[in-house]
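Q: The structure under discussion is supplied below as structure tokens; questions concerning it will follow.
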Amino acid sequence: MKDYYAILGVSRDADQEQIKKAYRRLARRYHPDMSGGDSESEARFKEISEAYEVLGNAEKRRRYDLFGEDGLAASPFDRGFEGFSSPFGDIFNLFFGGGQGRGRATSPRRGSDLLAVVEIDLEEAYSGVRREIEVPRHESCSLCGGSGVEKGYGHDLCPDCGGEGRFTRTRRSAFGAFTSTITCRRCGGTGEINTHPCTQCGGQGIREILDLVEVMIPAGVDDGDRIRVSGKGEAGQLGGPPGDLLVEVRTREHHAFTRHGRDLHAVVSVDMVEAALGAELEIPTLDGKERLQVPAGSQPGDVFKLRGKGMPEVHSRGRGDLYLSLEVRIPERLTAEQKRLLREFQRARADETGGVMGRLRKAVRQKV
Ligand SMILES: [Zn+2]
Ligand SMILES: [Zn+2]
């Protein structure tokens, strides 16, 4: 338990005037705007202020003497600002040349958006998929509705700044007086403090949760697309609405298909004999199988288009196409029988190729 008398360096039977004097002396020394704002002085100043809040008020001091700190937290009677004798007004007049006024509470603010990244397969992008994502986020406290104050209570006037939210500091020098404004550290400029923090959130107004959020990823979703899940972002402030969750979709590389917008591309492989004689192939697609008729005399790099067999478009009936480019395999090893047959085939073709010059002419003609 904190000994407020020791903190202020006064005896237990000190009168109000002695307590006030002790406080003023210490506050002058440790005030963040006087001490240069190192953390030790700041902590000390907070302690001093806390002690004076209690001992400087006859009723609070009496309860503290009787029950200790517990006597301070539980009483429903010391509401509002009347409990403070507001010594701060005069101390700040003394230091900074005061100014009185009510603090202004900041207005409700919408929570920020959160971004989650989800990796899916191309098959899932093709047909759409439902995902559950664990989202660590803050939620407005259900008990206090985000105010951070226990039910039935309100905020108190900040004793540091007297509700002003800021200090005006005047420095005098040979060149004249310089005035600067400093935001109150204790209340963060709101002019109010919370003396009855909510028991569920400890005055934060928010609590951290691990939320299981369901997100529907629509068919046709593309790499980098973002899906907005409304209200699943960070909690709002002071009763403001929560932000949204943005789910960014990344598509894993597929072993066979490459996506270009709504079209799909793949390489289909045939044997040189199949390319020469023609073949009917069965092509595995993202949702089944398709037949592809490779005509006789097909060349390496020939492209076949399967209309409407590409990716679907999000929220539309449109569909891309599937492009299949032909790769022709040349056998690397031949059996003796296969060699014999190919030589026979070569002899049969000899008169058609027209020797070395014919081959060369053809190559040059193709290049031009
Ligand atoms: Zn303040
Ligand atoms: Zn709460």
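Q: Could you state how much accessible area residue 38 has, in square angstrom rounded to the nearest 10, with a 1.4 Å probe and all protein chains kept in place?
A: Looks like 70 Å² after rounding.
Q: Same structure again: Tally up the carbon and sulfur contribution to the accessible surface of the stretch 215-316 as a whole percent, 1.4 Å probe, everything protein left in place.
A: In the stretch 215-316, the share of accessible area belonging to carbon and sulfur is 49 percent.
Q: Same structure again: Over 20 Å between C-alpha atoms is what I'm after, so list which of 289/309; 46/151; 151/232 land there.
A: Violating the 20 Å limit, Cα to Cα: 46/151; 151/232.
Q: Still on this structure, I have one more. Averaging over all projection directions, find the projected area of the Cα convex hull of the stretch 111-185 and quote it in nm² with one decimal place.
A: With every direction weighted equally, the projected area is 11.2 nm².
Q: At 7 Å along Cα-to-Cβ for each site, give me the label-to-label distance between residue 181 and residue 313 in nm.
A: Here the modelled spin labels are 5.4 nm apart.
Q: Right, another one. Using a 1.4 angstrom probe on the protein heavy atoms only, line up 196, 155 by accessible area, largest first.
A: So, going from the largest accessible area down, we get 155, 196.
Q: Then there's this: What residues have an amide H closer than 5 Å to that of residue 192, excluding those fewer than 5 places away on the same chain, when H is modeled at 1.01 Å from N in the peptide plane?
A: Result for residue 192 returns 158.
Q: For a quick check: with amide H placed at 1.01 Å from N, whose amide H comes under 5 Å from residue 206's, ignoring anything fewer than 5 positions away on the same chain?
A: 141
Q: Which whole-Hz couplings ³J(HN,Hα) result when phi for each residue of the stretch 221-237 is put into the Karplus expression 6.51 cos²θ - 1.76 cosθ + 1.60, θ = phi - 60°, listed in order with x for Gly and Pro?
A: Values, residue by residue: 4, 10, 4, x, 5, 10, 10, 9, 9, 5, x, 10, x, 6, 5, x, 10 Hz.
Q: Starting at 0 and stepping by 10 Å, how many percent of the alpha carbon pairs of the stretch 133-281 end up in each bin?
A: So the P(r) values, bin by bin, are 9, 19, 18, 15, 13, 10, 7, 4, 3, 1, 0.
Q: Kindly report, to the nearest 10 Å², the accessible surface of residue 342 as traced by a 1.4 Å probe over protein heavy atoms only.
A: That residue has around 70 Å² of solvent-accessible surface.
Q: Under a 1.4 angstrom probe, counting protein chains only, how are 305, 151 ranked by accessible area, largest first?
A: If we order 305, 151 from most to least accessible, we get 151, 305.
Q: Continuing with this model, one more query. Rounded to a whole number, what is D in µm²/s for the stretch 202-267 from Stokes-Einstein with the Kirkwood radius over alpha-carbon pairs (20 °C, 1.002 mPa s)?
A: 143
Q: In addition: With each label point set 7 Å from Cα along the Cα-Cβ vector, what nm distance links residue 208 and residue 260?
A: Result for the modelled spin labels: 4.8 nm.
Q: Fully extended, how many nm does the chain gain between residue 47 and residue 17 (0.36 nm per residue separation, minus their Cα-Cα distance)?
A: Extending this stretch completely gives an extra 8.9 nm.
Q: Just read off the accessible area of residue 321 with the full protein assembly in place, 1.4 Å probe, to the nearest 10 Å².
A: 20
Q: How do 121, 15 rank by accessible surface area computed with a 1.4 Å probe, from largest to smallest?
A: Highest to lowest solvent-accessible surface, that is 15, 121.
Q: From the phi of every residue in the stretch 142-156, what ³J(HN,Hα) in whole Hz does the Karplus formula 6.51 cos²θ - 1.76 cosθ + 1.60 yield, where θ is phi - 60° and glycine or proline is x?
A: With the stated coefficients, the stretch 142-156 comes to 6, 6, 9, x, x, 6, x, 10, 4, 3, x, 10, x, 7, 9 Hz.
Q: Starting from the Cα of residue 225, move 7 Å in the Cα-to-Cβ direction to define the label point; list residues of the stretch 110-132 whose amide nitrogen is under 16 Å from there.
A: 117-131
Q: Under the 0.36 nm per residue contour assumption, what length would be gained going from the current alpha-carbon distance of residue 282 and residue 344 to full extension?
A: Extra length from residue 282 to residue 344 when fully extended: 19.2 nm.
Q: Continuing with the same structure: Label-point separation (nm) for residue 107 and residue 325, each offset 7 Å from Cα along Cα-to-Cβ?
A: Using points 7 Å along Cα→Cβ, the separation is 5.7 nm.
Q: In whole Hz, with x marking every Gly and Pro, tabulate ³J(HN,Hα) for the stretch 197-205 from phi via Karplus 6.51 cos²θ - 1.76 cosθ + 1.60, θ = phi - 60°.
A: Karplus values, whole Hz, x for Gly and Pro: x, 4, 6, 7, 10, x, x, 6, x.
The values are calculated or read from the model by the stated rules, or taken from the named source; none is laboratory data. Given the structure is predicted, the values throughout are model-derived calculations rather than measurements. Counting neighbours? That spans all protein chains shown, and the Cβs are built from the backbone with ideal geometry, glycine included. When the accessible area is computed, the model is the full protein with side chains, heavy atoms only, and any ligands, DNA or RNA have been set aside. Shrake-Rupley method; radii C 1.70, N 1.55, O 1.52, S 1.80 Å.
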